[in-house]
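Only one structure is covered here, and it is reproduced in the block below.
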Amino acid sequence: MSTLAPERPATGPVRPRRRRPAGIGDRLTLRRAAPMIPAAVLLVLFMAGPIIYSLDLAFTDKAIRGDGASKTSFVGVSNFTDALTDGDFWNSVVLTILFTLISAVIGQNLLGLLLALLMERANRVISFAITSIVIAAWILPEVVAGYLLYTFFAEGGSLDGILGLVGIPPQTLLFSAPIVAVSFANVWRGTAFSMLVYSAALGAIPGDVQESAAMDGAGPMRRFTSITLPLLRPALATNLMLITLQTLSVFGLIFIMTGGGPDRKSQTLPLYMYEQAFSYGQLGYGTAVALLLLLIGAAASLVYLRLLPEEEKR
């Protein structure tokens, strides 16, 4: 009786059996998903719900008073066409873009980067003083900041007092150039966010990279343009996108300082939307303007996303 085991067929190297990737059904069972149900319900109620309601409202003649209040009708895209053919709407679009460029893209962004670079090389006392002053302006409520900047720029205010010390006549920026005055106010209040973003990004750059470049003879400007700035590219794109979206929706600061005037010279899109929806009572039209503002923010976000390195987009 033979005890030899049957010979196994010659095969190549044994490969480890690959496990089948778990599907969504395997990973997300009802038992595991149960804790997320309350959060999903709240998300639908408080986030998706208002968005869907706004989309519906923008295609109606809903109003606070008048015909649209007693009986609301579907009007198609007429709210959007009315906005796109209204000169006051385009005036608000131009002022909104100007306000965003001056106060966010140029003002907050560059000043925040400059302060972050200054604090990187300053001692603790100077860093603490800069951080305290800048963040104090940031944490002020928007209403308080608006009143403070109004008193600064108003006739006979602090700005006129400072200019008078050097022999410059009083300026009336709130009337002659109100968009410049509110842009300065937004820079004063919002620079802290950019400063904190860039301070964190600068702290993540390895010090030995800068030291190696210095040993190779690279000066401060060459190290900044060839090392610091490329490594800050993700932080630059992220910061620009966030402060742009935040600035597009600024309302209280401008409303308190100028109310959009004089003669609509500082009426950005949020103030135009407020005027149409609540002063004139046209809720449907005001909501359509809000959706157009949302599209402008989405377009700006797409531009900034293209600035991100490929590895940051994954």
Completion exercise
Carbon plus sulfur, as percent of the 1.4 Å-probe accessible area of the chain, comes to 67
Handout entry: Solvent exposure of the chain as accessible area per residue, Å², 1.4 Å probe
Key = 63
Practice task
Would you mind telling me which residue in 271, 253, 117 has the biggest mean-square fluctuation in a Gaussian network model of the chain, where springs connect alpha carbons within a distance under 10 angstrom?
Solution key: 117
Exercise for the section: Take the chain, connect every pair of alpha-carbon atoms lying under 10 Å apart with a spring to form a Gaussian network, then pick out the residue of 66, 219, 161 with the largest mean-square fluctuation. Expected result: 219
Completion exercise
With only helices counted (DSSP H, runs n ≥ 4, each -39500 (n - 2.57)), the per-residue ellipticity at 222 nm for the chain, to the nearest 500, works out to -18500 deg cm²/dmol
Handout entry: GNM flexibility winner over the chain from 195, 36, 215 (Cα, springs under 10 Å)
Key = 36
Practice task
Output the Cα-based Rg and Dmax of the stretch 129-208 in Å, rounding Rg to one decimal and Dmax to a whole number.
Solution key: 16.3, 53
Practice task
May I ask you to rank 142, 211, 275 by accessible area, largest first, using a 1.4 Å probe over the protein chains only?
Solution key: 211, 142, 275
Exercise for the section: Within the set of other residues whose C-beta is less than 15 Å from the C-beta of residue 92, count the net charge using Lys and Arg as +1 and Asp and Glu as -1. Expected result: -3
Handout entry: Full-extension gain in nm, residue 200 to residue 78, via 0.36 nm per residue minus C-alpha separation
Key = 39.2 nm
Handout entry: Overall Cα dimensions of the stretch 226-314, principal axis frame, Å, largest first
Key = 52, 27, 16
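What percent do you get for the relative contact order of the stretch 144-287 when only Cα pairs under 8 Å and 6+ apart count?
Working: 106 pairs, mean separation 37.0, N = 144.
Relative contact order comes out at 26 percent.
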Problem - Efficiency of FRET from Cβ geometry, residue 136 and residue 225, R₀ 35 Å, rounded to 0.05 - result: 0.60
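How much net charge surrounds residue 207 when only other residues with a Cβ under 14 Å from its Cβ are counted (Lys, Arg +1; Asp, Glu -1)? Kindly include the intermediate steps, with their values, before the conclusion.
Working: positive: 121, 223; negative: 120, 208, 211.
Value of the local net charge: -1.
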Fill in the blank from the handout: Amide H contacts under 5 Å for residue 60, restricted to residues at least 5 apart in sequence or on another chain and with H modeled in the peptide plane, are 75
Exercise for the section: Please tell me the relative contact order of the chain in percent, rounded to the nearest whole number, where contacts are Cα pairs under 8 Å and at least six residues apart. Expected result: 27
Practice task
For an R0 of 41 angstrom, estimate the FRET efficiency from the Cβ-Cβ distance between residue 147 and residue 301 and round to the nearest 0.05.
Solution key: 0.80
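Regarding the chain, what's the average projected area of the Cα-atom convex hull, expressed in nm²?
On the way: hull surface 133.1 nm².
Mean orientational projected area (the chain, Cα hull): 33.3 nm².
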Handout entry: Local net charge near residue 261, Cβ-Cβ under 14 Å (Lys/Arg +1, Asp/Glu -1)
Key = -1
Exercise for the section: Between residue 251 and residue 216, with labels modelled 7 Å along Cα→Cβ, what's the label distance in nm to one decimal, could you check? Expected result: 5.2
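Viscosity 1.567 mPa s, temperature 4 °C: give me the Stokes-Einstein translational D for the stretch 44-136 in µm²/s, with Rh taken as the Kirkwood radius over C-alpha pairs. Write out the running numbers ahead of the final one.
Values: Rh = 17.9 Å.
Stokes-Einstein gives a translational diffusion coefficient of 72 µm²/s.
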Practice task
Take the alpha carbon atoms of the stretch 60-103, find their center, do the same for the stretch 205-258, and report the distance between the two centers in whole angstrom.
Solution key: 36
Handout entry: Additional length obtainable on full extension of the chain from residue 168 to residue 65, 0.36 nm per residue less Cα span
Key = 32.1 nm
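Stretch residue 30-residue 106 to full length: gain in nm at 0.36 nm per residue minus the Cα-Cα span?
Extra length available between residue 30 and residue 106 comes to 22.4 nm.
The values are calculated or read from the model by the stated rules, or taken from the named source; none is laboratory data. If you're wondering where the values come from, they're calculated on a predicted model, not measured in any experiment. In this analysis, Cβ positions are derived from the backbone assuming ideal geometry, glycine residues included, and neighbour counts consider all displayed protein chains. Note: areas computed on protein heavy atoms with side chains; ligands, DNA, RNA excluded. Shrake-Rupley method; radii C 1.70, N 1.55, O 1.52, S 1.80 Å.
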